[in-house]
Amino acid sequence: MATKKTKKEHKYATEEAFESLEQTAQSSENFLEKNAKILAIVFGALILAAVSYFAYLKFYVDPRNEEAQNEIVTADTMFEQDSMQLALNGSPGAYMGYNQILNEYKGTDLAKIAEYKAGIANYELGNYQEALENFKNFNTSEVALKAVKEGATGDTYVQLGKKDEALAAYEKAIRASDLQVLERIYTKKYAILAHEIGANDKAYGKVKEYLEKYNDAPDNELDRLAALFESAQK
């Protein structure tokens, strides 16, 4: 079994991720009059494509999600037991790891979850470049997950020694969600890192921005940090 890294380690909550599909169209009265026949053909093709798409979802993607769900159970068990190597790569002939699920079940919701968890597993194994790629490839419309993804990306950049990129990622994490608990986590990360690289004005400004936004919720720790960063500017 793989051992968990204990230095600068981070755990992130996981949830299912879903993407939504949006389509828009524009037309004018004159265009419709002049191109009615062509549009009829095009609309017919679009309807056929839509029917084909939903048939694809029902008869191909849905069953593949079920298959992926069955495959990911053991990998998740290994993940929960901190056996990250086994969670990531599985056991040949026994069960798939997240890497295999990513390749075998592309386009499914479970593959998206596997991408995110693979990022965590790679991070804990010290495979920071691989973790970074996983986090970059993980997309979600869920705002809380967006924030956590950007925060994980920031943590990974820190481990790679890319502190400016980490700072930018923490900024995205702060802006991604209006959930106070997440804003506080990434405000603190941003401020401490900014202070570490000598950008005390940014550190102070970010903490002050948070404290002013949530002035009805006293926060002694961030108050102390703000005072520290303010004094460091003098």
Hits in the range 175-234 (condition: over 28 Å from the mean Cα position of the chain (by Cα) and among the charged types (D, E, K, R)): D201, D216, D223, R224, E230, K234
Is there any pair with a first residue in the range 84-95 that is assigned by the TED database to the domain that holds I72 and assigned to a helix (DSSP H, G or I) and a second that is crowded, with 20+ Cβ neighbours inside 10 Å and charged (D, E, K, R) whose Cβ atoms are under 9 Å apart and which are 6 or more apart or on different chains, and what are they? M84/E124; A87/K117; L88/K117
Does V148 satisfy being free of Cβ contacts under 8 Å to residues at least 60 places away in the same chain, in a helix (DSSP H, G or I), more than 23 Å from I197 (Cβ to Cβ) and of a type in the set (V, I, T)? no
Residue within the range 124-133 that is of a type outside the set (V, I, T) and at pLDDT below 95 present: yes
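Could you say which residue among T108, T187 is open to solvent by less than 10 Å² (accessible area, probe 1.4 Å), among the polar types (S, T, N, Q) and under 21 Å from L225 (Cβ atoms)? Walk me through it before giving the result.
Details: T108 fails: under 21 Å from L225 (Cβ atoms).
Sole residue among the options that is open to solvent by less than 10 Å² (accessible area, probe 1.4 Å), among the polar types (S, T, N, Q) and under 21 Å from L225 (Cβ atoms): T187.
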Sort through V207, V181 and tell me the only one that's modelled with pLDDT of 90 or more, assigned to a helix (DSSP H, G or I) and in contact with a Leu (Cβ under 8 Å, 6 or more places away or on another chain). V207
I'm checking my understanding of the structure. Among residues of the range 210-234 that are in contact with a helix residue (DSSP H, G or I) (Cβ under 8 Å, 6 or more places away or on another chain) and part of a loop (DSSP other than H, G, I, E, B), which one is nearest to K163 (Cα to Cα)? Q233
So, in the range 148-171, of the ones that are among the acidic types (D, E) and open to solvent by 30 Å² or more (accessible area, probe 1.4 Å), which residue ends up farthest from Q129 (Cα to Cα)? E171
Being in contact (Cβ under 8 Å) with a residue 60 or more places away in the chain and assigned by the TED database to the domain that holds Y186 is true for just one of Q81, Q159. Which residue is that? Q159
Let me confirm something: among N122, N89, N127, N99, which residue is more than 22 Å from Y157 (Cα to Cα) and either among the hydrophobic types (A, V, I, L, M, F, W, C) or crowded, with 17+ Cβ neighbours inside 10 Å (or both)? N89
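The values are calculated or read from the model by the stated rules, or taken from the named source; none is laboratory data. For clarity, every value in this text was computed on a predicted model and none was experimentally measured. Positions of Cβ are backbone-derived with ideal geometry, glycine not excepted, and every protein chain shown enters the neighbour counts. Heavy atoms of the whole protein, side chains included, go into the accessibility calculation; ligands, DNA and RNA do not. Shrake-Rupley method; radii C 1.70, N 1.55, O 1.52, S 1.80 Å.
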